[in-house]
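Participant: Encoded as structure tokens, here's the structure I'll be asking about.
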Amino acid sequence: MPQALEIIKKQIGEDEWDEPYYVNMGPQHPATHGVLRLFLELDGEYITHCDPIIGYLHRGIEKLGETFTYSQNIVLTDRLDYIASAANNVGYCLAVEKLMGLEVPRRAQILRVIVCEMARIASHLLWLATHALDIGAMTVFLYCFRDREWLLNIYEEICGARLTHTYPCIGGVRLDFTPHIIEELYKFTEEFPNRIPEYETLIDVNRIWLKRTKGVGVISGEKAVNLGLTGPSLRGSGVRYDLRKTVPYLIYDELDFEMAVEYEGDVYARYRVRMKEMRESNKIIRQCLDKLAECEGEPVIAENAPGLFMPFDKPKRPQAAPHPKKVYLIKGVEVPVVPEGDVYVATEVPKGELGFYLVSDGAGHPWRMRIRAPSFVHISAIPDLCKGQMVADIIAVIGSIDIVLGECDR
Amino acid sequence: MDVQGAYNAANHFLLKYLGISLFKALIVVVIALLHVAYITYVERKVIGRMQQRLGPNRVGPRGLLQPIADVLKLITKEDIIPSSVDSRWVFIIAPFISLVAGATSLAVLPIWEHFVVTNVNASLLVVLAMSSLSSFGVILAGWASNSRYSFLGGLRAGAQVVSYEIAMALSLVGVMMLAGSMNLVEIVKAQIASPFKIYAIPQIIGFFVFMIAAIAETNRTPFDLPEAETELVAGYFVEYSGIRFALFYLAEYFGMVVMSMLAVVCFLGGWYGPFDIPGIPMFWFLLKLYFLIFFYIWVRATLPRYRYDQLMGLGWKVLIPLSLLNIVITGFIKILV
């Protein structure tokens, strides 16, 4: 990490007039999407070296996860990628359910897919908004927020929260959809495909936009795999890898949707992938809504699901004794014992592949919770992506790989 | 008594007691300041409409007092001069250079045949000179702030203004050739002979180049690189606060007004319109001016920002050759007609 000492060393060793121009971009900077700090070494406007410095949003979520019960940990996952928290919740719940061997009712699975895809659209809308704003197109920002607002209102009706949903719980989902929500979602899926061309007219046919995005931040498919990129950033380089298709979870194998892939590997390709994904997500929501009608009235939570997520009675803390085999989460209700073992479950969240690795020692809380966050991996690709580019390009590159620092720093 | 008569009487009176130029200058500055204040309001309102939001609506009816509230806020704010500034005095005078250079052009721009503060012979050159001077304020501010972002902003402003200044001056050469004068009043009068009483039709290439160069000259989107807020945070005025920041803001809008006025005078026929409006001789002038200012705002709401090298490429590889071509074509027209 090039800290002050290293800069001084460099400056001492070199002729005064040849010293490179150092710029600390961030942690407070309008275009670093949170508190990312980039240490740039500039040659005029060109970047000769770039070091991302992270950790400004570290809250110790992984360690905290060891002190909460499995159910309580869901609220922590909200704070990872706070733009699409439903997707994180689902990923975590899937991991715990796999650990416990829980069977999730079909209706709950469909509801989970719906909230996941809503999260994908909401996340991509926010991404498009900020990405366009970074490049200077101001109006797209507000258009996107208008539609994101609609989704957030639906979320609010579903679970009462707009940003940190905590909608899924272990063994299913918290609440069923009301008819009004389904009606509203139908309306949204009907209207949303018409909204996407609105953004595209503003930016996609704009010569300045094309000039700013085409051929910028190019990364080959092979290099993208080596760097560990996932999600739209990987698919923009022509690698066909989407966990919803390659390792289907929930009911994704029953759904008809395409994997969005582009081959150029530049900022524009990643933009196209996300635009296509929004359309596909819209299609998925639509199909799921139709499937919901088939299983009307079925339970949305498994019968043997562990303690309620927000119990009325004061829950007893699980004992951190060496080998507690029985755990009481709620007074009088015996919860299933979490078997010993470890599990890794990866899901396709809007940013990429989000993995949860849980190690259980039989207690009501994980012995270790490790999160494989896509943003963390993607940040490591920034130096490669923006070497030799201009200062303005670094903004486009950061925008195009779509990072969220809450997830990166955990 | 008609307008001319009233004007003459007032003129006589003022000449005797006040000195007409001072009076005119005062009127122009007051009107321009009001305009600038309300352009910020109009800009926020119009962009608000374009972006499906409301814009300012809290202060006064429909937010009409918002500019005044803004000015009061900026005046009463603490004026911070960072301890690490490179040169305290340069830091202090930089915004004034920008503002004064921007506002001085108003002295030679004719709003009406009989309303120009000082009618100098080469007034077009004065406007061009002043608009390049105003970039000195930007460059000096970027340098004196002694901040990384300001410095980059200042550098960008320097390069940008130099390259677009050439394109703009060359695009006006065609107008000078057609009018045979560099006096702005003469240029407007000469336009009566051309179709629709405007030069924008014979000088369509020149007009196109001028409008793009004018946007670049005033550092507006899509050429707002010196103050690109998502790249350089705020560029050259990142260290400025309070009223000094407001002066830069004012200078930018003054620049916008001056450039629009120059476009109206040189390409859109000044105060001449399809028919005369009795009593308001500058009606057409103001109408054209407001349209051009609306155009600036419209562009800002629509376009993304250019990259530094693309901006230079556009200036040197497209606009300058185009304006040179325009000069050649104008020369041929001048010979043939």
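The values are calculated or read from the model by the stated rules, or taken from the named source; none is laboratory data. Not measured: the values here are computed from a predicted model. Here the Cβ is made from the backbone with ideal geometry for all residues, glycine too, and neighbour counts use every protein chain on show. Side chains included, ligands, DNA and RNA excluded: accessible areas come from the protein's heavy atoms. Shrake-Rupley method; radii C 1.70, N 1.55, O 1.52, S 1.80 Å.
Participant: Determine which single condition B:G242 fails, assuming it passes every other condition in (1) open to solvent by 10 Å² or more (accessible area, probe 1.4 Å); (2) modelled with pLDDT of 75 or more.
Facilitator: The single condition B:G242 does not satisfy is (1).
Participant: Taking B:I215 and the conditions (1) modelled with pLDDT of 85 or more; (2) open to solvent by 40 Å² or more (accessible area, probe 1.4 Å); (3) within 14 Å of chain A (Cβ to nearest Cβ), which numbered condition does it fall short on, given that it satisfies the others?
Facilitator: Only one criterion is unmet by B:I215, namely (2).
Participant: Quick check on segment B:47-55. Is at least one of its residues within 14 Å of chain A (Cβ to nearest Cβ), assigned to a helix (DSSP H, G or I), of a type in the set (K, R) and surrounded by 13 or more Cβ atoms within 10 Å (Cβ to Cβ)? It would help to see each step written out before you state the result.
Facilitator: At the first step, the residues of segment B:47-55 found to be within 14 Å of chain A (Cβ to nearest Cβ) are B:47-55.
With the extra rule that they be assigned to a helix (DSSP H, G or I), the set shrinks to B:47-50.
Still in the list and also of a type in the set (K, R): B:49.
When the remaining residues are screened for being surrounded by 13 or more Cβ atoms within 10 Å (Cβ to Cβ), the result is none.
Scanning segment B:47-55, I find no residue that is within 14 Å of chain A (Cβ to nearest Cβ), assigned to a helix (DSSP H, G or I), of a type in the set (K, R) and surrounded by 13 or more Cβ atoms within 10 Å (Cβ to Cβ), so the answer is no.
Participant: Here are B:D79, B:D70: which of them is open to solvent by 30 Å² or more (accessible area, probe 1.4 Å), away from chain A (no Cβ under 14 Å), more than 19 Å from B:M182 (Cβ to Cβ) and in a helix (DSSP H, G or I)?
Facilitator: Within the list B:D79, B:D70, the selection yields B:D70.
Participant: Still on this structure: Can you tell me which of B:Y249, B:Y308, B:Y290 is in the same structural domain as B:L99 (by TED's automatic domain parsing), closer than 23 Å to B:V127 by Cβ and either of a type in the set (K, R) or modelled with pLDDT under 85 (or both)?
Facilitator: Only one candidate passes the filter, namely B:Y249.
Participant: Of A:V397, A:V377, which residue is open to solvent by less than 10 Å² (accessible area, probe 1.4 Å) and either outside any loop (DSSP other than H, G, I, E, B) or in contact with a Cys (Cβ under 9 Å, 6 or more places away or on another chain) (or both)?
Facilitator: Only one candidate qualifies: A:V397.
Participant: So which of B:Y290, B:Y272, B:Y253, B:Y308 is within 14 Å of chain A (Cβ to nearest Cβ) and either surrounded by 23 or more Cβ atoms within 10 Å (Cβ to Cβ) or in contact with a helix residue (DSSP H, G or I) (Cβ under 9 Å, 6 or more places away or on another chain) (or both)?
Facilitator: Going through B:Y290, B:Y272, B:Y253, B:Y308 in turn, just one is within 14 Å of chain A (Cβ to nearest Cβ) and either surrounded by 23 or more Cβ atoms within 10 Å (Cβ to Cβ) or in contact with a helix residue (DSSP H, G or I) (Cβ under 9 Å, 6 or more places away or on another chain) (or both): B:Y308.
Participant: Whether any residue in segment A:280-296 is more than 14 Å from chain B (Cβ to nearest Cβ), more than 29 Å from A:L76 (Cα to Cα), under 18 Å from the mean Cα position of the chain (by Cα) and surrounded by fewer than 18 Cβ atoms within 10 Å (Cβ to Cβ) is what I want to check.
Facilitator: no
Participant: Among the residues of segment A:71-84, which ones are open to solvent by less than 10 Å² (accessible area, probe 1.4 Å) and more than 11 Å from A:T166 (Cβ to Cβ)?
Facilitator: Scanning segment A:71-84 gives A:L80, A:D81, A:A84.
Participant: Among the numbered conditions (1) over 23 Å from A:L133 (Cβ atoms); (2) within 14 Å of chain A (Cβ to nearest Cβ); (3) not hydroxyl-bearing (S, T, Y), tell me where B:V264 comes up short.
Facilitator: For B:V264, the failing item is (2).
Participant: Moving on to the next point. Looking at (1) more than 14 Å from chain A (Cβ to nearest Cβ); (2) surrounded by fewer than 20 Cβ atoms within 10 Å (Cβ to Cβ); (3) in a helix (DSSP H, G or I), find the lone condition where B:W284 falls short.
Facilitator: Tallying (1) more than 14 Å from chain A (Cβ to nearest Cβ); (2) surrounded by fewer than 20 Cβ atoms within 10 Å (Cβ to Cβ); (3) in a helix (DSSP H, G or I), B:W284 fails exactly one: (2).
Participant: Consider only pairs whose beta carbons are under 6 Å apart and that are at least six residues apart or on different chains; among these, list those whose first residue lies in segment A:362-374 and is modelled with pLDDT under 80 and whose second residue is open to solvent by less than 30 Å² (accessible area, probe 1.4 Å).
Facilitator: A:A363/A:P318; A:A363/A:P324; A:G364/A:T69; A:G364/A:P318; A:G364/A:V327; A:H365/A:T69; A:H365/A:P318
Participant: Right, here's the next one. Do the conditions hold for A:A87, that is, is it more than 15 Å from A:Y167 (Cβ to Cβ), in a helix (DSSP H, G or I) and either touching a residue at least 60 places away in the same chain (Cβ under 8 Å) or of a type in the set (S, T, N, Q) (or both)?
Facilitator: No.
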